[in-house]
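One structure is given below, encoded as structure tokens.
The values are calculated or read from the model by the stated rules, or taken from the named source; none is laboratory data. Treat the numbers as computed from the prediction; the structure is a model and nothing was measured. Virtual Cβ from ideal backbone geometry, glycine too; neighbours counted across all protein chains shown.
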Amino acid sequence: MTENSAKTEYDPRPIGVFDSGFGEASTLRNMLRLLPDERFIYFGDNANAPYGDRPEEQILALSEAAADMLLHRGVKALVVACNTATSASIKALRRKLAVPVVSVEPAIKPACEAGGDGIVLMLATAATVKLARYRALRARMPDPDRVKDVGCSGLVELIERGLIDYDSVAPVLAQKLAPYEGAKVDGIVLGCTHYPFIAPAVKRWAEAHFTGPCRIYDGNEGTARQLARVLVQNGLSAPGRGSGERVTFLTSGDEKTARPIFEMLLEVPVYEFR
Ligand code: DGL
């Protein structure tokens, strides 16, 4: 095998992933499982979280800064592992960046397609449910009125502190979901990448206060699959070179506080931390 052909078969550069904070750890968990040969540089903008209560222009500026920083570190593709940042910035990032950009999307489609005559609750940040990208996605559903949007300010702040247990999050759930007390709920969409960490608490709360199956959906599996497709289509895969050193973690926040929370949420040790 010549040196040149080896180059076309293996692209060793890492994949960049960013979120306002620890949410991307939920996306990363799926990507690590599906793409065992890839390395990732993860940037959590913990100092600026939550994004979800900020105006659109600020979310766009923060997302562009995060993407630029990862591009300077030589990533071969970028994953915007944040529903809020996707809503505010994905078009601009795709226009501007020379590498493929993969985004997350709230999983309302599978939730709506699963059928039923109850409602579908879409839990996300205040910004995501307001912004045009999500409004357009919702309008494409066969029965958009069945989807009830719930902006859940307050949850990300808890998850950023590593507080994911039932007793920590139940008061916020009670406040946000009170209007639907007793409703028949077919599905609950976790439309923020932070929320899969509190899925057990959401399920427990929902089963105590709603009727119906309350099936939980998140978009992370779909994002990991889309990334796998994009890597293959662009000749960017790194087959057969799996290694234990797979995640480099960068944070704009306090490293000493962030590292143990990140590793607890991701459930794997990070390779490097700075
Ligand atoms: N994890 C992010 C999302 O998916 C946003 C959290 C935040 O408000 O910063 O929307």
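Here are a few things to note about the model shown:
- Gly74 meets the conditions (1) within 16 Å of the ligand (Cβ to nearest atom); (2) at positive phi; (3) not basic (Lys, Arg) in every case but one. The failed one is (1).
- Out of Asp37, Asp19, sole residue that is surrounded by fewer than 24 Cβ atoms within 10 Å (Cβ to Cβ) and among the acidic types (Asp, Glu): Asp37
- Residues that are within 13 Å of the ligand (Cβ to nearest atom) and buried (at least 16 other Cβ atoms within 10 Å of the Cβ) do occur in region 173-189, at least one of them.
- Region 173-209, subset touching a residue at least 60 places away in the same chain (Cβ under 8 Å) and part of a loop (DSSP other than H, G, I, E, B), residue farthest from Ala49 (Cα to Cα): Ala183
- In region 104-155, the residues that are more than 16 Å from the ligand (Cβ to nearest atom), assigned to a helix (DSSP H, G or I), hydrophobic (A, V, I, L, M, F, W, C) and within 21 Å of Pro196 (Cβ to Cβ): Ala111, Cys112
- When residues of region 214-250 are limited to those that are assigned to a loop (DSSP other than H, G, I, E, B) and crowded, with 16+ Cβ neighbours inside 10 Å, the one modelled with the lowest pLDDT: Arg246
- For region 172-195, a residue qualifies if it is under 10 Å from Val150 (Cβ atoms) and among the basic types (Lys, Arg), and exactly one does: Lys176.
- Leading residue by the ranking (farthest from Asn48 (Cα to Cα)) among those in region 107-132 that are within 18 Å of the chain's Cα centre (by Cα) and surrounded by fewer than 17 Cβ atoms within 10 Å (Cβ to Cβ): Pro110
- Criterion: within 16 Å of the ligand (Cβ to nearest atom) and at pLDDT below 90 - qualifying residue of Arg29, Arg33, Arg54: Arg29
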